[in-house]
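Student: So that we are looking at the same thing, I have put the structure below in structure tokens.
The values are calculated or read from the model by the stated rules, or taken from the named source; none is laboratory data. Because the structure is a prediction, the values reported are computed rather than measured. Cβ atoms come from the backbone with ideal geometry, glycine included; neighbour counts cover every protein chain shown.
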Amino acid sequence: MEYLNYELFGNSIHHWVIALGVLVGSFVLVKIIYWVFSSVFKNLTNKTKTNLDDILVKNLQKPLTNLVLIGAYYFAVSYLSFEKNVEGVLLNIAYLLFTISITSIISKIVDALISEVILPISKKTESSFDAHLIPVIQKAVRAIIWSLGIVIGLDNIGFDITAMIAGLGIGGLALALAAQDSVKNIFAGIMIFLDKPFKINDRIKIDGHDGTVEDVGLRSTRIRTLEGRIVTIPNCTFTDNSVINVTSQPALKVKINLGLTYDTNEDSMQKAIDILVDIVKNQDSITNDYAAGFNGFGDFSLNILFMYYVKPDSHWLNTQTLVNKEILKRFNKEGLEFAFPTQTIFKKEIS
């Protein structure tokens, strides 16, 4: 066994065998851990009602086994003797890999909690914005966790974090100046999420566009116009202009001015008013707030003002079409004539 005492790269063969044995043993242990996760833990979590433990078992399997390999690598490097510079580099690799694995574990746990606990709760709330805001927050939290993990990892291996942050600050200032419009849109998007001037599927009017909100992001919002086209609007537009939330109105007001000919008598005028009231009072898509009345003498017609309100859950155009067709049908049936611009010219004979 004397050959075990021979030195190779500053370490005896005996030490190299032990170090390699630890590394090989860690690979065997990883296989066992994989089997435990895929068989034992998976069968246990399948019996529970919640999906959180299934997600955690699935997502934590790889980073936890990576910790075993990193631990074996750290032991092997510490057990063997190397030059100081070489040993420092090898240990720094272990520290950095360890930090990345821990960061991955924390990130996956937070992701699972947000996806399986917080998000389902938000979907039960009245505001659909919460369900759209949480994924954005989830990405931001994930970015923060990884940023902190990388900074801590670099700090552990000897990087000057203070100088790095100062450099990033200068670079960030230049980037902010170059991308100030994007930054403005992102802050506007945050304000939309906080103020909630509209919800997903609300019909809004903004900057000449009229349509239904389909998606709200941090930088822009997409609406589908009444013509069926998708319009992407920068979020700063919503902070710089007034937003009309059509869906939020209790009902859509419809105002119609009708004109009857001047040969219409009092009874016929009253009949026209009664017909208008009768048309809307039995409509399920129209509220109980309606009115019709003889409101003036026009240049060529006797005017009737007719107002009613379409319920928010009813189609505004279809309702108006049905009402207008019924007015035309019943007025023609009763012989009520609509006036049109006319002039009567009297000619005086000169003797």
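Student: Filter the range 191-203 down to the residues that are in contact (Cβ under 8 Å) with a residue 24 or more places away in the chain and farther than 15 Å from residue 240 by Cβ, then identify the one that is surrounded by the fewest Cβ atoms within 10 Å (Cβ to Cβ).
Tutor: 201
Student: Same structure, new question: Which one of these does residue 104 not meet: (1) part of a helix (DSSP H, G or I); (2) in contact with a helix residue (DSSP H, G or I) (Cβ under 9 Å, 6 or more places away or on another chain); (3) farther than 22 Å from residue 151 by Cβ; (4) small (Gly, Ala, Ser)?
Tutor: Residue 104 satisfies every listed condition except (3).
Student: So, in the range 191-212, exactly how many residues are within 16 Å of the chain's Cα centre (by Cα) and part of a loop (DSSP other than H, G, I, E, B)?
Tutor: 7
Student: Assuming residue 331 fulfils every condition listed in (1) aromatic (Phe, Trp, Tyr); (2) surrounded by 16 or more Cβ atoms within 10 Å (Cβ to Cβ); (3) outside any helix (DSSP H, G or I) apart from one, which condition is it?
Tutor: Only one criterion is unmet by residue 331, namely (3).
Student: Condition first: at pLDDT below 90, among the polar types (S, T, N, Q) and under 30 Å from residue 208 (Cα atoms). Now tell me which residues in the range 226-282 satisfy that.
Tutor: Within the range 226-282, 235, 237, 239, 241, 242, 245, 247, 248, 249 qualify.
Student: Any residue at all in the range 241-252 that's within 30 Å of residue 340 (Cβ to Cβ) and not in a loop (DSSP other than H, G, I, E, B)?
Tutor: yes
Residue-wise test of (1) outside any helix (DSSP H, G or I); (2) under 28 Å from residue 153 (Cβ atoms); (3) among the polar types (S, T, N, Q).
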| position | (1), (2), (3) |
| --- | --- |
| 14 | no, no, no |
| 40 | no, no, no |
| 50 | yes, no, yes |
| 57 | no, yes, no |
| 75 | no, yes, no |
